[in-house]
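To keep things clear, I will list the structure first and then write my remarks on it.
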Amino acid sequence: MDRSRPLRVAIAAAIFVSLLGAPASARPAWKLRLDRIVSGYDAGVAVADQGRTLYAHQPRAMRAAASNQKLVLTMALFDELGPSARLATRVATSGAEGGVVEDDLWILGSGDPALSSGGAPNRLGFAPTRISLLARRIAAAGIERVDGRVVAGTGFFARDWDAPGWQPYVPARFAPLPSVLTIDGNAVAGGHLDDPERRVARTLASELRALGIEVRGAAVGHRPPGRLRRVGAVHSAPLRRLTGYMNRESSNFFAEVLGKRLAVEVAGPPGTIAGAARALRDWARDRDVRVASFDASGLSYRDRISPLGMVRLLDASEDEPWGRALRTGLPGPGRGTLSGRLAGLEVRAKTGTHFNGDSALSGWVRLRRSGSWAEFSILSVGMPKWVEDEIVRTVARFARAPRAAAADE
């Protein structure tokens, strides 16, 4: 009788188990719960804490970014310009003598999406950049008469208004023209402005006349000449306020205007939608994350990122001087596109939705067991929002960082 046979069988079984990995019963209960929640959905999920993966389900598959593209845009903008940057709108002329502008008065924008006529309701949550203030600055500079025209400068941005992956209805319904000079969101009753720069010039001329400054010429838009002398300027709210509104309300208009501003910062004028997409793609690639990028807003059905890639970008932002501004600038429960969602949790996240069922939710959630902020990204097709919320709630209540920095995929 071979007495060693039971021992050999036991050793073989142990080796077999070690090769297969731990039995399902050894998997933490909260991960099994997440497995059940995600099961049956076309979804990718990644959760990490300080660079260590806590949970992953199909984390590397490239999926539609939808409006999570705005989250990548915010990171790139903060990295290039800083969250405290303010965008200038200037007025300049070729010369003025004795308070008289003998030639044209030029208004030159740099991509402030919050320029306001003062006549539209303010839903931004911060003070818009008022054209009336710019008029007062011109008056304070001693200008009493403009013999020429008020001219809106063009050329800093291109007038492109489309992108690969945009549905035909997008420009008319969801993204007013992203121009270098904007006014009241480039929206009018029943539609969008096709010539917002000229509307800005007309509004400034009207404000100047209201202050008693004579303007003899018509308001037009043209490419500005060189060698202009500044007369006055106004500046936008800090960039963190602009992106805060953009992410809270998921403003496609703000995203495309600020995307063109990013394109100018990276490659020079003119700013274009394609240039913004390229800037985002290159910025992510420099951080070893692959994205397919065709616009700045996420309206393109062709924009792609993986949940793991998004989490890596969020984790990397923690080490940046602007990392805290990024997280605190994202909406929390009950605000903006998170209205009615995730009550009772400490969450900062960006939503995303397409009409074809693409859905996204990425950001940070506070873990109750450790008190730390965990990065997460949920990208899916057809997953209801309440299921996304259940994933986040489960992570918040039960997730615990592993002792070793090993991925759980």
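The values are calculated or read from the model by the stated rules, or taken from the named source; none is laboratory data. None of these values were measured; they are calculated from a predicted model. For neighbour counting, all protein chains shown are included, and Cβ atoms are generated from backbone atoms with ideal geometry for every residue, glycine included. Ligands, DNA and RNA are stripped out before the accessible areas are found, and what is left, the full protein with its side chains, is counted by its heavy atoms. Shrake-Rupley method; radii C 1.70, N 1.55, O 1.52, S 1.80 Å.
Matching residues to (1) over 18 Å from the mean Cα position of the chain (by Cα); (2) open to solvent by less than 70 Å² (accessible area, probe 1.4 Å); (3) of a type in the set (G, A, S):
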residue: Y301; (1), (2), (3): no, yes, no
residue: L314; (1), (2), (3): no, yes, no
residue: A325; (1), (2), (3): no, yes, yes
residue: L330; (1), (2), (3): no, yes, no
residue: G334; (1), (2), (3): yes, yes, yes
residue: L342; (1), (2), (3): yes, yes, no
residue: A349; (1), (2), (3): no, yes, yes
residue: E388; (1), (2), (3): yes, yes, no
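Going by the conditions given, is V365 in contact (Cβ under 8 Å) with a residue 24 or more places away in the chain, more than 24 Å from V170 (Cα to Cα), in contact with a Leu (Cβ under 7 Å, 6 or more places away or on another chain) and not polar (S, T, N, Q)?
Numbers: in contact (Cβ under 8 Å) with a residue 24 or more places away in the chain: yes; more than 24 Å from V170 (Cα to Cα): yes; in contact with a Leu (Cβ under 7 Å, 6 or more places away or on another chain): yes; not polar (S, T, N, Q): yes.
Judged against the criteria, V365 is a match.
Taking S370, is it part of a strand (DSSP E or B) and out of contact with any Phe, Trp or Tyr (no Cβ under 9 Å at 6 or more places or on another chain)?
Spelling it out, it is not the case that S370 is part of a strand (DSSP E or B) and out of contact with any Phe, Trp or Tyr (no Cβ under 9 Å at 6 or more places or on another chain).
Pairs under 8 Å by beta carbon, first residue of a type in the set (F, W, Y) in the range 309-330, partner assigned to a helix (DSSP H, G or I) and open to solvent by 20 Å² or more (accessible area, probe 1.4 Å), six or more apart or different chains?
Close Cβ pairs (under 8 Å, with a partner that is assigned to a helix (DSSP H, G or I) and open to solvent by 20 Å² or more (accessible area, probe 1.4 Å)) amount to W322/D79.
Go through (1) in contact with a helix residue (DSSP H, G or I) (Cβ under 9 Å, 6 or more places away or on another chain); (2) surrounded by fewer than 24 Cβ atoms within 10 Å (Cβ to Cβ); (3) charged (D, E, K, R) for R285 and report which single condition fails.
If we test R285 against (1) in contact with a helix residue (DSSP H, G or I) (Cβ under 9 Å, 6 or more places away or on another chain); (2) surrounded by fewer than 24 Cβ atoms within 10 Å (Cβ to Cβ); (3) charged (D, E, K, R), just (1) comes out false.
Could you run through the range 136-177 and say how many residues are in a loop (DSSP other than H, G, I, E, B) and either open to solvent by less than 10 Å² (accessible area, probe 1.4 Å) or not basic (K, R) (or both)?
Residues that pass the stated criteria total 24.
Does any residue in the range 244-256 that is open to solvent by 20 Å² or more (accessible area, probe 1.4 Å) come within less than 8 Å, Cβ to Cβ, of a residue that is assigned to a helix (DSSP H, G or I) and among the β-branched types (V, I, T) six or more places away or on a different chain, and which pairs are these?
Pairs found: R248/T337; E249/T337; S250/T337.
Under the condition of being open to solvent by 30 Å² or more (accessible area, probe 1.4 Å) and in contact with a strand residue (DSSP E or B) (Cβ under 7 Å, 6 or more places away or on another chain), which residue from the range 390-409 is modelled with the highest pLDDT?
A401
Those residues that are in a strand (DSSP E or B) and either crowded, with 19+ Cβ neighbours inside 10 Å or modelled with pLDDT of 95 or more (or both), I need them from the range 178-228; list them, please.
L181, E214, V215, A219, G221
Is it the case that some residue within the range 230-247 is in a loop (DSSP other than H, G, I, E, B) and more than 23 Å from L314 (Cβ to Cβ)?
Yes, that holds for at least one residue.
Test of understanding: among D104, D112, D147, which residue is under 16 Å from G221 (Cβ atoms) and of a type outside the set (K, R)?
D104
Among the residues that make up the range 83-94, is at least one of them under 19 Å from A267 (Cβ atoms) and of a type in the set (V, I, T)?
No, the range 83-94 contains no residue that is under 19 Å from A267 (Cβ atoms) and of a type in the set (V, I, T).
For the condition within 18 Å of W161 (Cα to Cα) and in a loop (DSSP other than H, G, I, E, B), what is the one hit in A296, A277, A263? Outline the logic, then answer.
On the way: A277 fails: in a loop (DSSP other than H, G, I, E, B); A263 fails: in a loop (DSSP other than H, G, I, E, B).
The conditions single out A296.
Mind listing whichever residues of the range 73-130 are assigned to a helix (DSSP H, G or I) and either modelled with pLDDT under 95 or open to solvent by less than 10 Å² (accessible area, probe 1.4 Å) (or both)?
We begin by selecting, within the range 73-130, every residue assigned to a helix (DSSP H, G or I); these are 73-81.
Within the range 73-130, L73, T74, M75, A76, L77, F78 qualify.
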